[in-house]
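**Student:** Structure incoming, see below.
The values are calculated or read from the model by the stated rules, or taken from the named source; none is laboratory data. Remember, predicted model here, so these are calculated numbers, not experimental data. Backbone-built Cβ (ideal geometry, glycine too); neighbour counts: all protein chains shown. Accessible surface areas use protein heavy atoms only, side chains included; no ligands, DNA or RNA. Shrake-Rupley method; radii C 1.70, N 1.55, O 1.52, S 1.80 Å.
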Amino acid sequence: MTSIVPQEKSSESKKNLSEGEHEDFRLFGLIAFLIADGMTFAGFFAAYLTFKAVNPLAPDAIYELELPLPTLNTILLLVSSFTFHRAGKFLEKEEAKQCQKWLLITGALGVAFLISQMFEYFTLPFGLTDNLFASTFYALTGFHGLHVTLGSIMIMIIWWQTRVPNGRVNKENLFPFEAVELYWHFVDGIWVVLFIILYLL
Amino acid sequence: MTVSLKPNNSTPEKLQPTGWLKYLSFSLDHKVIGLQYLVCGFLFYLIGGSLAGAIRVELTSPLSDFMPREVYNQVLTLHGTIMIFLWIVPVVNGAFGNYLIPFYVGARDMAFPRLNAVAFWLIPPSGLMLITSYFINGAAQSGWTAYPPLSITTPAAGQIIWILSVLLLGGSSIFGGINFIATIIKLRRPGLKLMQLPMYCWAMLGTSILVVLSTPVLAGTLILLSFDIVAHTGFFNPSLGGNVIVYQHLFWFYSHPAVYIMVLPAFGLVSEILPIHSRKPLFGYTTMVFSIMGIVVLGLVVWAHHMFTSGTPPWMRLFFTIATAFIAVPTGIKFFNWVATLWGGKISLNSAMLFSCGFIINFVLGGITGVALAQVPFDIHVHDTYFVVAHFHYIVYGGSVFVIFSSIYHWFPKFTGKMLNENLGRFHFILTFIGFNLCFAPQHWLGLNGMPRRVAEYDPQFQLINQISSVGALLMALSTLPFLWNVFQSILYGHDAGDNPWNALTPEWLTSSPPPVENWDGEAPLVLEPYGYGNKNLNKTQEQNK
């Protein structure tokens, strides 16, 4: 019984990594990154909730946040998660035109979210430095908005890369698409948590 | 022949310059990046050490006569920040992790070589930025913890540069952590199980989990702090309705695990070095693995023991006292396992072994004072005194830095193909060990008698002890000279080490020294028992492999 086995004698030496396994460790790394990103949000949420618990003068005592716009935003993001998923289905079926159409819709929904968020910012009666609640509100939604902005840009890149003749993202090279999709679902999930904590609680 | 487990499609050879120039280039080779981390970290260690020297010179007399108080505060802040973020964390994780982990998992490179190179190249610019802030309107003055409201009210420029630089270093650390997790979990050579990996892999896995979970919280906190400074928001500013305690909670949620980010890899490195130089298997492999994971879990839930004097409610004090005391259990398991590894072994007292044994001694002393500090009444008595300074220097210098030196002596033949001079190494150890204990052991006494930390002026009754401590610091500074001389001398004129000078069984020694670009000329060897010393069949196989 030896324990340093030369590769030739090992039964598994013929096993090489297939393309699928490559994507496996890349997605794994991306998930680790998203966990790290999620911890940043978790820190912000923890800070906000503690401020709220410790500091009675803060938030809703002064301002009642309007719900219609954020609810619309929630719907926009949830629908965009669904359309992204549709796009992925068409990419697997190698229907690039359909895939691009759904990606475009997804990107448009992301941009619509940002516009609606801007609109909300302009209608709010408080500014960044007015008080603790205002500061945390803008920090949280702004940090999330930054994520949506980056996500929308990445969706546009993916949209460009799935075009039929020369696009680099296709059934053989799914990883970039899957990575952006995972990121987008993550951003949507964070928004739902943010919506509950900031607007509903 | 196909190359197994090659993570990137590009061939690294074509991208990289050869010779020593490759160490100044954007190299994708994990070995080059590891040495870049090591050398870069050591340069920052020299800078941080000089700052420590300036602090000790100031403290030889009770008055603030060597430098103005503001400068003393800046020196103190830079010393802490450089030593933690630019020396220990990058070296114990980045340097040895990058160099060793691909060998240990049987891979040709890390999972994400480009991300790896980016993670390294974030460090030199942010470190230089941090140091140059001293010349632009004054560096940060609020200590490495940057507690508000002090960090909000002191001059802004240095503090903002400090925040920016720590954010970049945190990003570097997160990228590294993601890379290590993906490499260890997903890039193992086929046929190699997790429980057959060398202990350093487990230590790096635990550390990387801590990095991924806690560093982003620090990043978020520092972003909020920078808003407070630049945009005059009030997150942590009590005069605007903010809450400073929230900052402390968020800060220590990272900075307590940061202690484990500094010592867990050191634990792993020691677990590699002790078996080789005592020719015995690592005692209690499974318990070692579980104790690492226990430390990871407990390390994440004990942060508020830094805040016993911050008005924490009694239930919180109770919880954090108990959780902190519990960490002594897995740490004690590791300690006894190391001693049991040495027990009855054929110990060769070379420099690597001496530094590792020095680590064990210092770490036990630091651990005992740590358990003492976890007790609320005692902590309240010595809070923010030199007792705390002594405790954490025993942990991070007596623990991590001793292990870094031990590892340099141990892996230098692999890095360069040359042996270090053992006599100079032993001389280095004796100077460091005596200097270290002379410097920090008296500070326990200072703290118990009430000398506060972070002040340039103190009560004259403490002068003698402070001078003894400063002599110790001088010895530590001098101990660097034989080490540097040894390294330069050995690189130029040292004798050839051969592939495996220690007759080790861990995989990095089964290739040439220094290793070729993709680690092995042929296929990666499958090492199932990295600690199989005393197993006769095993040694025979290894002879054949040579």
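**Student:** With every protein chain kept in place and ligands, DNA and RNA left out, what is the accessible area per residue of segment B:339-490? Probe 1.4 Å, answer in Å².
**Tutor:** On the way: 5760 Å² over 152 residues.
About 38 Å² of surface per residue is accessible.
**Student:** Ok, one more. Would you mind counting up the charge near B:ASN237? Only other residues with Cβ under 14 Å from its Cβ, with Lys and Arg at +1 and Asp and Glu at -1.
**Tutor:** Values: positive: none; negative: A:ASP130, B:ASP228.
Around B:ASN237, the surrounding residues sum to -2.
**Student:** Between B:ALA390, B:GLY435, B:PHE415, whose Cα lies farthest towards the positive end of the dipole of segment B:316-446 when Lys and Arg beta carbons carry +1 and Asp and Glu beta carbons carry -1, centred on the Cα centre?
**Tutor:** B:PHE415
**Student:** Can you give the percent of C-alpha pairs in chain B whose distance is more than 35 Å? List each step's numbers first, then the result.
**Tutor:** Numbers: 50061 of 148785 pairs.
Cα-Cα pairs in chain B separated by more than 35 Å: 34 percent.
**Student:** Can I ask one more? May I ask you to derive the relative contact order of segment B:32-532, considering only C-alpha pairs under 8 Å and at least 6 residues apart, and to give it as an integer percent?
**Tutor:** Details: 810 pairs, mean separation 85.3, N = 501.
Relative contact order for segment B:32-532 comes out at 17 percent.
**Student:** Would you please give the FRET efficiency between A:GLU178 and B:LEU484, computed as 1/(1 + (r/R0)^6) with r the Cβ-Cβ distance and R0 = 35 Å, to the nearest 0.05? Can you show the working numbers first?
**Tutor:** Numbers: r = 50 Å, r/R0 = 1.42.
The calculated FRET efficiency here is 0.10.
**Student:** If you don't mind, another one. What is the sum of charges, Lys and Arg at +1 and Asp and Glu at -1, for the other residues whose Cβ falls under 12 Å from the Cβ of B:ILE55?
**Tutor:** Values: positive: B:ARG56, B:ARG453, B:ARG454; negative: B:GLU58.
The answer is +2.
**Student:** Then there is this: From the gyration tensor of the Cα coordinates in segment B:355-419, what semi-axes in whole Å does the equivalent ellipsoid have, largest first, with each one equal to sqrt(5λ)?
**Tutor:** On the way: eigenvalues 220, 18, 8 Å².
Square roots of five times the eigenvalues give 33, 10, 6 Å.
**Student:** Now for a separate question. For B:THR286, what is the net charge nearby, where nearby means another residue's Cβ is under 15 Å from its Cβ and Lys, Arg count +1, Asp, Glu -1? List each step's numbers first, then the result.
**Tutor:** Values: positive: B:LYS193, B:LYS334; negative: B:GLU529.
Neighbourhood net charge equals +1.
**Student:** Could you look at the protein assembly as shown and say what percent of its accessible area is carbon and sulfur, using a 1.4 Å probe and all protein chains?
**Tutor:** On the way: 20460 of 29230 Å².
Answer for the protein assembly as shown is 70 percent, counting heavy atoms of protein chains only.
**Student:** Report, by chain and number, residues whose modeled amide H sits under 5 Å from the one on B:LYS418, excluding near sequence neighbours (fewer than 5 apart, same chain).
**Tutor:** HN-HN under 5 Å from B:LYS418: B:ALA497.
**Student:** Can you give me the angle between helix B:156-186 and the longest principal axis of chain B, using Cα atoms only, in degrees from 0 to 90, rounded to the nearest 10?
**Tutor:** So the helix axis and the longest Cα principal axis differ by about 30 degrees.
**Student:** Within the set A:LYS97/A:LYS171; B:LYS280/B:LYS418; B:LYS22/B:LYS418; A:LYS89/B:LYS186; B:LYS186/B:LYS334; B:LYS31/B:LYS193, which residue pairs have Cα atoms separated by over 22 Å?
**Tutor:** Numbers: A:LYS97/A:LYS171 14 Å; B:LYS280/B:LYS418 25 Å; B:LYS22/B:LYS418 19 Å; A:LYS89/B:LYS186 27 Å; B:LYS186/B:LYS334 27 Å; B:LYS31/B:LYS193 24 Å.
Long pairs (Cα-Cα over 22 Å): B:LYS280/B:LYS418; A:LYS89/B:LYS186; B:LYS186/B:LYS334; B:LYS31/B:LYS193.
**Student:** Under 5 Å between amide H atoms, partner at least 5 residues away or on a different chain: which partners does B:LYS280 have, H built in plane at 1.01 Å?
**Tutor:** HN-HN under 5 Å from B:LYS280: empty list.
**Student:** About the Cα centre, and with charges only on the beta carbon of Lys, Arg (+1) and Asp, Glu (-1), how big is the dipole of segment B:32-532? Nearest 20 debye, please.
**Tutor:** Values: 18 positive and 18 negative charges, 138 e Å.
It comes to approximately 660 debye.
**Student:** Using a ≥ b ≥ c from the Cα gyration tensor of the protein assembly as shown (square roots of the eigenvalues), is it rounded, prolate or oblate, where a/c under 1.5 gives rounded and otherwise the larger of a/b and b/c decides, a/b for prolate?
**Tutor:** Numbers: a/c = 1.92, a/b = 1.10, b/c = 1.74.
Verdict is oblate for the protein assembly as shown.
**Student:** log10 I(q)/I(0), Debye, Cα-only segment B:283-334, no solvent, q = 0.24, 0.30, 0.32 Å⁻¹?
**Tutor:** -0.82, -1.07, -1.15
**Student:** Is it possible to state the helix-based mean residue ellipticity at 222 nm for chain B, with each DSSP H run of 4+ residues giving -39500 (n - 2.57), the sum divided by total residues, to the nearest 500 deg cm²/dmol? What is it? Let's see the in-between values first.
**Tutor:** Details: 19 runs with 344 residues, N = 546.
Only helices count here, giving -21500 deg cm²/dmol.
**Student:** In segment B:269-353, which chymotrypsin sites (Phe, Trp or Tyr not before Pro) fall in coil by DSSP and have 14 or fewer other Cβ atoms within 10 Å?
**Tutor:** On the way: sites: B:PHE283, B:TYR285, B:PHE290, B:TRP303, B:PHE308, B:TRP315, B:PHE319, B:PHE320, B:PHE326, B:PHE335, B:PHE336, B:TRP338, B:TRP343; in loops: B:PHE283, B:PHE308, B:TRP343.
In loop regions of segment B:269-353 (DSSP not H, G, I, E or B), the sparsely surrounded chymotrypsin sites (Phe, Trp or Tyr not before Pro) are B:TRP343.
**Student:** What's the total accessible area buried between chains A and B, using a 1.4 Å probe, rounded to the nearest 100 Å²?
**Tutor:** Working: alone 11700 and 21240 Å², together 29230 Å².
Summing both sides, the interface buries roughly 3700 Å².
**Student:** Roll a 1.4 Å probe over the protein chains and send me the accessible area per residue for segment B:174-214 in Å². Display every interim value, and only then the final one.
**Tutor:** On the way: 860 Å² over 41 residues.
Roughly 21 Å² per residue, with all protein chains present.
**Student:** Something else: Would you be so kind as to list the residues of segment B:154-194 that have their accessible area lowered by at least 20 Å² in the full protein complex compared with their chain by itself (1.4 Å probe)?
**Tutor:** Residues losing area: B:ILE178, B:ILE181, B:ALA182, B:LYS186, B:LEU187, B:ARG189, B:PRO190, B:GLY191.
**Student:** Helix B:463-493: angle to the longest alpha-carbon principal axis of chain B, degrees 0 to 90, nearest 10?
**Tutor:** Tilt of helix B:463-493: around 30 degrees.
**Student:** While we're looking at this one, here's another question. Nearest 10 degrees, 0 to 90: what angle lies between the long axis of helix B:30-58 and the longest principal axis of chain B (Cα atoms)?
**Tutor:** 30 degrees
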